[in-house]
Amino acid sequence: MPTLLAPITPAVTRPEGVRVRPFPRVVGADVPVPLRDGGHVPYANLDYAASAPCLEAVHEAVTRALPYYSSVHRGAGYASQVTTGAYEEARETVRSFLGAWRRSAVVFTRNTTDSMNLLAHAVPAGTSVVVFETEHHASLLPWKRAVRLPAPATPAEAISAADRALRESPTGSRLLVVTAASNVTGELWPLGELARVAHRNGARIAVDAAQLVPHRPLDMTALDLDYVAFSGHKLYAPFGAGVLAGRADWLRAAEPYLRGGGASASVGATTRWAASAEQRHEAGSPNVLGAIALAAACETLSPAWADVAAREEALVERLRSGLAALPHVRELTLWGDRAPRVGIVSFIVDGWNARDVALTLSEEHGIGVRDGKFCAHPFVRHLLGGERTAVRASVGLGTSEEHIDRLLTALAELAAR
């Protein structure tokens with residue numbers, strides 16, 4: 001049967017004979033956008049943390065899949081068999097990408113929010129959940145019974161606060177919910193240490209990896225993580241698919257997240273639900289193309305991590321150094337300037353409303369950024385001490401040094417007005 005996922009990118013040979021893979025490319029990196037004065041410039045997309053553009057390899061994989069697009073798991077026809085094979089192959093690709101245990105469940109969802117709501121639906125009744133106020137709303141809001149911890153001043157304080165809260169939780173099932181990388185500051189959280197604290201207290205740990213996996217590899221087994229959620233639209237696969245991966249027992253024991261075809265094993269006077277976690281919680285016709293796209297992104301990024309990380313670190317250093325040199329611009333950070341982070345930087349400009357900054361950057365300079373509270377209202381309030389909003393610039397595979405320099409030049413002009 002035809003291969004519908006990402007092709008093996010041909011290697012190229014450097015003069016010294018070392019074979020390397022071309023750097024992953026995104027669709028539309030040089031698209032022209034209009035300016036207020038009537039001119040046009042190549043778009044400087046610095047809004048990757050909201051939604052990343054499509055990888056060229058993802059576009060190719062979806063294009064190859066479309067002629068065979070058909071229903072999965074239910075058809076005997078050739079197209080249905082090909083599509084079913086690609087869908088299940090995508091599941092295994094994601095499992096490998098995350099370093100998940102062989103017996104772990106990999107459930108396709110719509111996005112990280114959907115994944116966390118599925119997990120909240122599946123936790124045993126009475127589960128005590130511990131979550132920091134620094135979380136994105138996708139991880140902060142779904143829980144029926146949760147203890148919200150204040151923003152920790154240091155990573156060590158995060159570990160000790162989680163330890164104390166879990167120790168004081170009622171007897172029964174417990175769950176610690178944390179982010180891997182903040183969607184506001186980009187700062188990395190100490191996942192390994194938090195996992196050890198959770199397990200020492202008889203708890204499980206669920207990780208929102210939406211902002212980490214587009215930038216760095218994540219190994220669930222090495223870190224001993226119980227659940228991981230992420231979104232395809234942040235992983236250069238903007239086709240509406242997400243993932244919840246992790247231990248299968250709670251998912252198998254829970255009532256189906258959605259009730260319908262595929263989730264049911266037998267329907268009569270009573271209904272018997274599918275035994276596997278994947279079938280039980282993927283009722284209806286699934287987003288096949290979204291799963292194929294997501295897996296293609298995983299296959300494309302996995303061999304390129306070293307180059308991706310090195311390039312991003314240089315761009316982030318250029319951005320942060322430039323912002324620090326602007327007297328009227330202040331970067332937001334929870335743990336200080338030296339905390340390790342991915343390519344997300346939020347800031348405020350003295351004398352300017354964040355929305356006005358974002359609109360001016362777009363209309364006068366062709367720069368796309370995000371403004372607001374980034375679906376992390378309690379955290380942004382903590383950082384700003386009130387209801388003020390901020391601007392967020394985030395880098396990705398299509399970001400260039402020129403994009404960074406254009407932003408810094410524009411901000412210097414704004415601050416001088």
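Summary of values
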quantity	calculated
Criterion: β-branched (Val, Ile, Thr), modelled with pLDDT of 95 or more and not in a helix (DSSP H, G or I) - qualifying residue of VAL94, VAL41, VAL72, VAL62	VAL41
Some residue of the range 312-325 being at pLDDT 95 or above, under 30 Å from ARG91 (Cβ atoms), in a loop (DSSP other than H, G, I, E, B) and out of contact with any Leu (no Cβ under 6 Å at 6 or more places or on another chain)	no
Of the criteria (1) surrounded by fewer than 20 Cβ atoms within 10 Å (Cβ to Cβ); (2) at pLDDT below 95, which one THR83 fails	(1)
Filter pass, PHE239 being part of a loop (DSSP other than H, G, I, E, B), among the aromatic types (Phe, Trp, Tyr) and touching a residue at least 12 places away in the same chain (Cβ under 8 Å)	yes
Subset of the range 399-417 [buried (at least 23 other Cβ atoms within 10 Å of the Cβ) and not in a helix (DSSP H, G or I)]	THR399
Matching residues in the range 12-30 - criterion: being closer than 22 Å to PRO214 by Cα, at pLDDT below 95, in a loop (DSSP other than H, G, I, E, B) and among the aliphatic types (A, V, I, L, M)	ALA29
Helices (runs of 4 or more DSSP H) completely within the range 103-219 that count 3 or more residues being over 30 Å from SER285 (Cα atoms) and among the small types (Gly, Ala, Ser)	155-167, 191-200
Top-ranked residue of the range 266-286 - restricted to ones that are of a type in the set (S, T, N, Q) and at pLDDT 80 or above, ranked as surrounded by the most Cβ atoms within 10 Å (Cβ to Cβ)	GLN279
Residue within the range 156-166 that is of a type in the set (S, T, N, Q), closer than 24 Å to ALA222 by Cβ and assigned by TED's automatic domain parsing to the domain that holds LYS234 present	yes
Residue ID - surrounded by the most Cβ atoms within 10 Å (Cβ to Cβ), chosen from residues in the range 121-139 that are in contact with a His (Cβ under 9 Å, 6 or more places away or on another chain) and of a type outside the set (S, T, N, Q)	ALA122
Residue that is over 21 Å from MET220 (Cβ atoms) and not assigned by TED's automatic domain parsing to the domain that holds LEU332, where the choices are ALA79, ALA120	ALA79
Of all residues in the range 220-232 being in contact with a helix residue (DSSP H, G or I) (Cβ under 6 Å, 6 or more places away or on another chain) and assigned to a helix (DSSP H, G or I), the one that is farthest from ALA248 (Cα to Cα)	GLY232
Filtered residues of the range 86-103 (kept if small (Gly, Ala, Ser) and surrounded by fewer than 20 Cβ atoms within 10 Å (Cβ to Cβ))	SER96, GLY99
Counted residues, the range 287-314 - those being surrounded by fewer than 19 Cβ atoms within 10 Å (Cβ to Cβ) and under 20 Å from the mean Cα position of the chain (by Cα)	10
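The values are calculated or read from the model by the stated rules, or taken from the named source; none is laboratory data. Only a predicted model underlies this, so the values are computations on that prediction, with no experimental measurement involved. Ideal geometry is used to build each Cβ from the backbone, glycine not excepted, and the neighbour counts take in all protein chains shown.
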